[in-house]
Number of protein chains: 2
Amino acid sequence: MEQVVDTALGVIATEGYEALTMRRLAGALDTGPASLYAHVVNKADLDELLIGRLCAELRLPEPEPAAWREQVSGMCVQMRDQYLKYPGISRAALAMAPTDPEILRVSEGMLAILLAGGVAPQSASWAIDALLLYVAAYCLEISVLDQRKVHDEADWVVDTDELQRRLTALPAETFPHTTRHAAELTAGKGHDRFDFTLSLMIDGLAHR
Amino acid sequence: MEQVVDTALGVIATEGYEALTMRRLAGALDTGPASLYAHVVNKADLDELLIGRLCAELRLPEPEPAAWREQVSGMCVQMRDQYLKYPGISRAALAMAPTDPEILRVSEGMLAILLAGGVAPQSASWAIDALLLYVAAYCLEISVLDQRKVHDEADWVVDTDELQRRLTALPAETFPHTTRHAAELTAGKGHDRFDFTLSLMIDGLAHR
DNA sequence: ACTTGACGCGAACGCTGTTCGTACGTAGAA
DNA sequence: TTCTACGTACGAACAGCGTTCGCGTCAAGT
């Protein structure tokens, strides 16, 4: 069963989550699809196992009260990179009940950081939920965009420059702010947008 | 083609997005699945049309600089309620390119509100992105949970009280904070968590 | 050596999105 | 009026999905 999870993660890492079908996974294990159901109840169950394995590889820091902001954003960056390492897997994370013990472990770790930083328990609890949700959604969006680049024709997907050109070309009377600030709307290399949102939420948490 | 979108929204409203298959939609229109492709290129195209229709029904307020916070959170609440009115449709929203003119209209409206409120253009642009992403993810999570309640056996899904009981029953030495603050972790009726995250981000935006 | 039990897997089911060829209805030309 | 030609609509089919059933095989117990 451990090998099933490992092989599944391998398939996702090289071909994306959409390619992880029971048949494809069975083929990678040199067997038929029916044999998988001896080790796994469901595809949903497999998804849970995958997310659990992902969370198990996250490293929880020892809470340092003075550095709680860096520590919590570091956790989010860890999750982000883990999600992006297995493109599209965040879809499974979004559709999952938070019952898994490995997820609870991560949640416990983040709670410890926030409480050590002096955040109120209620704010900390809800903030963890919001952060995990945002990270998963952010990674899903990125994975979907990357998937489009592979699957569809290249002219259907637009890069940043092309998008900015299109925004500028919009009718200025109905989209005055969009045309004027097309540069800002399309700005952000790498994970600038991610960092911005994280600091937005963490700053909001600190000012409470 | 307008009728196709209307019927599709009707199906989603009563049976959920997962039930919106080409065959089910064709059946609701008293025809076969092949006929749909005369009006719609793809299922992805249909999804875009649905989200476009959804966004078209959003009401953009006239920006009032003093009330920008209430206005932007009001927009998010509008989107949330619209998403929840059609359970699961936020999945389509998350997997979509932001090219649709109706989405641009909403984005333009929110940009106008934030700029009128004195938010820097770069912060406003990124904040809109983050807010839209969070709203979609939040609604997707809710829809998935509701779906589970319908599909699976009732004992697989846990309500708030049961979840709190389980958290409290965890081993206290490995989950000290989770067991102690199980009440806070499971707290929040209605959209309290949603309101919290929104004010978190908007407050962070104001302190910039 | 015979029985029994468990396990693995080929084949099939019902479902999905999508395509192809045909048949029909209509509009224009002779 | 009659014939043609074109565009549209749809029944049937295809490839793929998750999942289940039942048979065959193999190991252990008596």
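Observations on the structure shown:
Condition check ((1) over 26 Å from A:PRO121 (Cα atoms); (2) over 22 Å from the mean Cα position of the chain (by Cα)) across all residues:
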{"residue": "B:ALA120", "(1), (2)": "yes, yes"}
{"residue": "B:ALA124", "(1), (2)": "yes, no"}
{"residue": "B:LEU133", "(1), (2)": "no, no"}
{"residue": "B:ALA172", "(1), (2)": "no, yes"}
{"residue": "B:PHE175", "(1), (2)": "no, yes"}
{"residue": "B:HIS181", "(1), (2)": "no, yes"}
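- Screening B:ALA93, B:ALA187 for residues that are under 21 Å from the mean Cα position of the chain (by Cα) and more than 26 Å from B:CYS55 (Cβ to Cβ) leaves exactly one candidate, B:ALA187.
- Candidate set: region A:27-50, residues that are outside any helix (DSSP H, G or I) and more than 6 Å from DNA strand D (Cβ to nearest atom); chosen: the one most open to solvent (accessible area, probe 1.4 Å): A:ASP30
- Residue in region A:70-88 that is at positive phi, surrounded by 20 or more Cβ atoms within 10 Å (Cβ to Cβ) and not assigned by TED's automatic domain parsing to the domain that holds A:PHE196 present: yes
- At least 2 residues being buried (at least 18 other Cβ atoms within 10 Å of the Cβ) and either touching a helix residue (DSSP H, G or I) at 6+ places or on another chain (Cβ under 8 Å) or more than 8 Å from every other protein chain (Cβ to nearest Cβ) (or both) is the threshold, and among the helices (runs of 4 or more DSSP H) wholly inside region A:95-194 those reaching it are A:101-116, A:121-151, A:176-180, A:182-185.
- So A:ARG24, is it open to solvent by 50 Å² or more (accessible area, probe 1.4 Å), within 16 Å of DNA strand D (Cβ to nearest atom), closer than 24 Å to A:TYR83 by Cβ and assigned by TED's automatic domain parsing to the domain that holds A:GLY88: yes
- Residues satisfying the criterion are absent from region A:52-69 (criterion: over 24 Å from A:GLU108 (Cβ atoms) and part of a helix (DSSP H, G or I)).
- The numbered conditions (1) acidic (Asp, Glu); (2) within 16 Å of DNA strand D (Cβ to nearest atom); (3) within 14 Å of the chain's Cα centre (by Cα) are all true for B:ASP81 except (2).
- Subset of region B:162-183 [within 15 Å of A:LEU111 (Cα to Cα) and either touching a Lys or Arg at 6+ places or on another chain (Cβ under 7 Å) or of a type in the set (D, E, K, R) (or both)]: B:GLU173, B:ARG180
- The set of residues in region B:70-94 that are of a type in the set (A, V, I, L, M) and either over 25 Å from A:CYS139 (Cβ atoms) or in a helix (DSSP H, G or I) (or both) comprises B:VAL72, B:MET75, B:VAL77, B:MET79, B:LEU84, B:ALA92, B:ALA93, B:LEU94.
- Taking the criterion of being of a type in the set (Ser, Thr, Tyr) and open to solvent by less than 80 Å² (accessible area, probe 1.4 Å), the residues of region A:1-21 that qualify are A:THR7, A:TYR17, A:THR21.
- Scanning region B:2-21 for residues that are more than 25 Å from B:LEU145 (Cβ to Cβ) and either within 15 Å of DNA strand D (Cβ to nearest atom) or within 14 Å of chain A (Cβ to nearest Cβ) (or both) returns B:GLU2, B:GLN3, B:VAL4, B:THR7.
The values are calculated or read from the model by the stated rules, or taken from the named source; none is laboratory data. These figures come from a predicted structure and were not determined experimentally. Quick reminder, even Gly has a Cβ in these numbers, built from the backbone with ideal geometry, and neighbours come from all protein chains shown. Protein only, heavy atoms only, side chains kept; ligands, DNA and RNA dropped before computing areas. Shrake-Rupley method; radii C 1.70, N 1.55, O 1.52, S 1.80 Å.
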